[in-house]
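**Student:** Sharing a structure with you now.
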Amino acid sequence: MKPFLILQLRPEQEASDSEYAAILAKAGLFEQNAHRIQLNKEDLPSGLRLDDYSGVIVGGGPGCVSDAPEQKTKIEAKIEAAILNLMPDITARDFPFLGCCYGIGVLGHHLGKVVNKENYSEPVGTADCSLTSEGKVDPVLAGLPHSFEAFVGHKEAMQHLPEGCTHLVSAPSCPYQMVRYGQNVYATQFHPEADAGEFEVRIGIYKHKGYFPPEEASTLVDMCRAANVYAPEKILRNFVERYKQSA
């Protein structure tokens, strides 16, 4: 099987390792089926060829594509540039892609700079998601209930649907929870890889990053433990099953 390219954007090693383990587990992948690149530590290989992979999975991160250049750290700017440099080839070829949280920002920015902080930011918690009519027939959403909870936490969001995109999942708090560009390029605002344990780890790591008042961390951990989040992980498994290719 050709590996899946997994691109990670989290500068915090504990958060990156936890996210990577969650992606593998929820997607049904083993390390030999994945090529992990931590973009805060290494550059994309100069000879990287999409044809060597079954698909690309992009994790989340603390950066915001809509921030002004002077607001971004050097690491955030480096990571963003690396991902954005891949997007023209991915969208032109309609190459299998699944961007999680930060991924919808990258896709929306690439397609028309439609991501900003005007509306639809969501505090750390759960979103009440619903499949749209198009989402109900999309193969990557096969087997999901028509309504489900998903973990979220983001400062910026897609403000309107870019040309060429199909709206797959909505929520009252943020309408564009999942979209598809063409037939094979997907992005979610929520975190399909995150269960309660994974989100609890992130709450501890990011409690001083401006997502929530630090003193609310213990309350948010209790929320995670009580949440009924089980459906989104199937998106990762469906994506891998649909696009895995023989080497």
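The values are calculated or read from the model by the stated rules, or taken from the named source; none is laboratory data. Note that the coordinates shown come from a computational prediction; the quantities given were computed from them, not determined experimentally. Because the Cβ atoms are built from the backbone with ideal geometry, glycine has one as well, and the counts that use them run over all protein chains shown.
**Student:** Search the range 16-39 for residues that are farther than 14 Å from K244 by Cα and pair each with any residue that is part of a helix (DSSP H, G or I) and hydroxyl-bearing (S, T, Y) when their beta-carbon atoms are under 8 Å apart and the residues are at least 6 apart or on different chains.
**Tutor:** Partner pairs satisfying both residue conditions: R36/Y20; Q38/S16.
**Student:** Test E233 against the criterion of being surrounded by 13 or more Cβ atoms within 10 Å (Cβ to Cβ), under 24 Å from K26 (Cβ atoms) and acidic (D, E), and give yes or no. Even if it seems obvious, please write down each step before you answer.
**Tutor:** Details: surrounded by 13 or more Cβ atoms within 10 Å (Cβ to Cβ): yes; under 24 Å from K26 (Cβ atoms): yes; acidic (D, E): yes.
Answer is yes for this residue.
**Student:** Filter the range 1-28 for residues that are under 21 Å from L84 (Cα atoms), in contact with a helix residue (DSSP H, G or I) (Cβ under 7 Å, 6 or more places away or on another chain) and hydrophobic (A, V, I, L, M, F, W, C) and give the result.
**Tutor:** F4, I6, L7, L9
**Student:** Ok, one more. Might you check whether a residue that is among the basic types (K, R) and either modelled with pLDDT of 95 or more or outside any loop (DSSP other than H, G, I, E, B) (or both) occurs anywhere in the range 220-227?
**Tutor:** Scanning the range 220-227 turns up at least one residue that is among the basic types (K, R) and either modelled with pLDDT of 95 or more or outside any loop (DSSP other than H, G, I, E, B) (or both).
**Student:** Something else: Return the residue satisfying two criteria in turn: it lies in the range 167-201 and is in a helix (DSSP H, G or I) and touching a Phe, Trp or Tyr at 6+ places or on another chain (Cβ under 9 Å), and of such residues it is surrounded by the fewest Cβ atoms within 10 Å (Cβ to Cβ).
**Tutor:** A196
**Student:** For residues that are among the hydrophobic types (A, V, I, L, M, F, W, C) and within 30 Å of D222 (Cα to Cα), scanning just the range 104-125, find the one that is surrounded by the most Cβ atoms within 10 Å (Cβ to Cβ).
**Tutor:** Per the stated criteria, the residue is I104.
**Student:** Which residue out of E156, E80, E149 is touching a Ser or Thr at 6+ places or on another chain (Cβ under 6 Å) and crowded, with 20+ Cβ neighbours inside 10 Å?
**Tutor:** Answer to the check: E156.
**Student:** So which residues in the range 126-144 are assigned to a strand (DSSP E or B) and either out of contact with any Ser or Thr (no Cβ under 9 Å at 6 or more places or on another chain) or surrounded by 17 or more Cβ atoms within 10 Å (Cβ to Cβ) (or both), if there are any at all?
**Tutor:** Our first condition is that a residue be assigned to a strand (DSSP E or B); within the range 126-144, this holds for 126-131.
Result: T126, A127, C129, L131.
**Student:** Something else now. If the Cβ limit is 9 Å and pairs must be 6+ apart or interchain, which residue in the range 151-165 that is in a strand (DSSP E or B) pairs with which residue that is acidic (D, E)?
**Tutor:** Short answer, once both residue conditions are applied: F151/D195; F151/E198; V152/E122; G153/E122; H154/E122; A157/E118; A157/E122.
**Student:** How about the range 166-210: which of its residues are more than 20 Å from I235 (Cα to Cα), charged (D, E, K, R) and touching a residue at least 12 places away in the same chain (Cβ under 8 Å)?
**Tutor:** Scanning the range 166-210 gives E200, R202, K209.
**Student:** Just one of I104, I90 is among the aliphatic types (A, V, I, L, M), modelled with pLDDT of 95 or more, in contact with a Phe, Trp or Tyr (Cβ under 9 Å, 6 or more places away or on another chain) and within 17 Å of C174 (Cα to Cα); which is it?
**Tutor:** Working: I90 fails: within 17 Å of C174 (Cα to Cα).
Result of the check over I104, I90: I104.
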